[in-house]
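Asks: Next up is a structure, given as structure tokens.
The values are calculated or read from the model by the stated rules, or taken from the named source; none is laboratory data. Remember, predicted model here, so these are calculated numbers, not experimental data. No Cβ is skipped: glycine too gets one built from the backbone with ideal geometry, and neighbour counts run over all protein chains shown.
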Amino acid sequence: MRGSLGEKIGEGLSADIHAWAPGQVLKLFKPGVSRRQSWHEVHMTHAIFAAGGPAPEVLGLVTLADRFGFVLPRFEGPTLLQLTRSGAVTRGQAGAILADLCLTVHRMPPPADVLPLREWVSIVLRSANGRLPEHIATGILALMNRLEPGDALCHGDIHPDNVIMTADGPRLIDWTMAVRGPAAYDLGHSHLILAEFAPEAADDPERPRAVNAALQSEYARRTGLSQAALTAAIESYLPIVRLPFVLGSAFAAHRERLLQRIEAALAKFRDATT
């Protein structure tokens, strides 16, 4: 595809973002990222965009020095995280923007080839290769069998740094974790990022916590759920939400804490069902 590798303008856990051509960027996956994972993200991004969702359009595919990438429009605008840090957007406003995006995604008919959450969990457990204690894997499967499967489209990683505030409204990037499942699973991911991980890196730990509280409050209000009911639903999915973080090398420093919290949540689940 026409274009050339320009300056690096962003970086995530699995890829670098480079300028590519006028109005375009290249998401170039890092060495070691499996082609299966990168192709999955390309496919999900394309499918969600084609279905009318708030995803960027896939403009082309590129391979440079054995690194695979795909070309996207260059969204002009800051991330919601940048606006929240600067105070240009209040914590309550940020939570409301996230809630609106969640509802937009959850109310979309999922593309037919988006994996159901149960199937995704099975794949993750099979790929654990002994890195997950057997009793936790068994407990996760038991929990999945008791929870409502749900059939909403879930982004799987909605947080302020994945939201770009464009002139045409907020746009969501990084669709690699998209699945079909219950809304509570998606909100659980946001909760884990905003209430547990982000406070450890933020200059003001209360800011991401306040954004998360506003997100949940606004989501509950707009769906007619009580805050208690939404909180309970989110908590039931947190052991599943934590699963890829336990297995991912990027969160190795948090592994023991995550395992302890999964064990505690599964024990609470067992006590409640016996």
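Asks: When the residues of the range 122-160 are filtered to those that are within 15 Å of the chain's Cα centre (by Cα) and in contact (Cβ under 8 Å) with a residue 40 or more places away in the chain, which remaining residue is nearest to GLN82 (Cα to Cα)?
Replies: PRO160
Asks: Okay, next question. Consider ARG257 against the criteria (1) in contact with a helix residue (DSSP H, G or I) (Cβ under 7 Å, 6 or more places away or on another chain); (2) more than 22 Å from THR90 (Cβ to Cβ); (3) among the basic types (Lys, Arg): it satisfies all of them except one. Which criterion is unmet?
Replies: Only one criterion in (1) in contact with a helix residue (DSSP H, G or I) (Cβ under 7 Å, 6 or more places away or on another chain); (2) more than 22 Å from THR90 (Cβ to Cβ); (3) among the basic types (Lys, Arg) is unmet by ARG257, namely (1).
Asks: Residues in the range 233-268 that are touching a Ser or Thr at 6+ places or on another chain (Cβ under 9 Å) and either without any contact (Cβ under 8 Å) to a residue 40 or more places away in the chain or not assigned by TED's automatic domain parsing to the domain that holds PRO160 (or both): how many?
Replies: Going through the range 233-268 one residue at a time, the tally reaches 1.
Asks: Here is a further query. LEU103 is checked against (1) assigned by TED's automatic domain parsing to the domain that holds TRP175; (2) in contact with a helix residue (DSSP H, G or I) (Cβ under 7 Å, 6 or more places away or on another chain); (3) surrounded by 18 or more Cβ atoms within 10 Å (Cβ to Cβ) and fails just one. What number does that condition carry?
Replies: Failed condition: (3).
Asks: When you check GLY3 against the structure, is it closer than 28 Å to ALA252 by Cβ and more than 17 Å from the chain's Cα centre (by Cα), yes or no?
Replies: Taking the combined requirement at face value, the residue does not satisfy it.
Asks: Among the residues of the range 12-50, what is the count of those that are touching a Lys or Arg at 6+ places or on another chain (Cβ under 9 Å), within 19 Å of ALA65 (Cβ to Cβ) and surrounded by fewer than 16 Cβ atoms within 10 Å (Cβ to Cβ)?
Replies: The total comes to 2.
Asks: Go through the residues of the range 249-259 one by one and say whether even a single one is of a type in the set (Gly, Ala, Ser) and closer than 21 Å to LEU117 by Cα.
Replies: no
Asks: Read through the list (1) within 18 Å of the chain's Cα centre (by Cα); (2) under 17 Å from VAL211 (Cα atoms); (3) not charged (D, E, K, R), then give the number of the only condition that THR90 fails.
Replies: All conditions are met except number (1).
Asks: Also, quick follow-up: May I ask you to say which residue of ALA198, ALA167, ALA183 is over 21 Å from PHE251 (Cβ atoms), crowded, with 18+ Cβ neighbours inside 10 Å, of a type in the set (A, V, I, L, M, F, W, C) and touching a residue at least 24 places away in the same chain (Cβ under 8 Å)?
Replies: Selected residue: ALA183, the only one of ALA198, ALA167, ALA183 that is over 21 Å from PHE251 (Cβ atoms), crowded, with 18+ Cβ neighbours inside 10 Å, of a type in the set (A, V, I, L, M, F, W, C) and touching a residue at least 24 places away in the same chain (Cβ under 8 Å).
Asks: With a cut-off of at least 1 residues that are at pLDDT 90 or above and basic (Lys, Arg), name the strands (runs of 3 or more DSSP E) lying wholly within the range 1-96.
Replies: 8-11, 24-29, 67-73
Asks: Could you look through the range 128-138, keep only residues that are surrounded by fewer than 12 Cβ atoms within 10 Å (Cβ to Cβ) and at pLDDT 90 or above, and pick out the one that is nearest to ARG261 (Cα to Cα)?
Replies: This residue is HIS135.
Asks: Restricting to the range 209-254, give me the number of residues that are touching a Pro at 6+ places or on another chain (Cβ under 7 Å) and among the hydrophobic types (A, V, I, L, M, F, W, C).
Replies: 1
Asks: Same structure again: Taking the range 111-127 on its own, how many of its residues are surrounded by 16 or more Cβ atoms within 10 Å (Cβ to Cβ) and either in contact with a helix residue (DSSP H, G or I) (Cβ under 8 Å, 6 or more places away or on another chain) or at pLDDT below 90 (or both)?
Replies: 8
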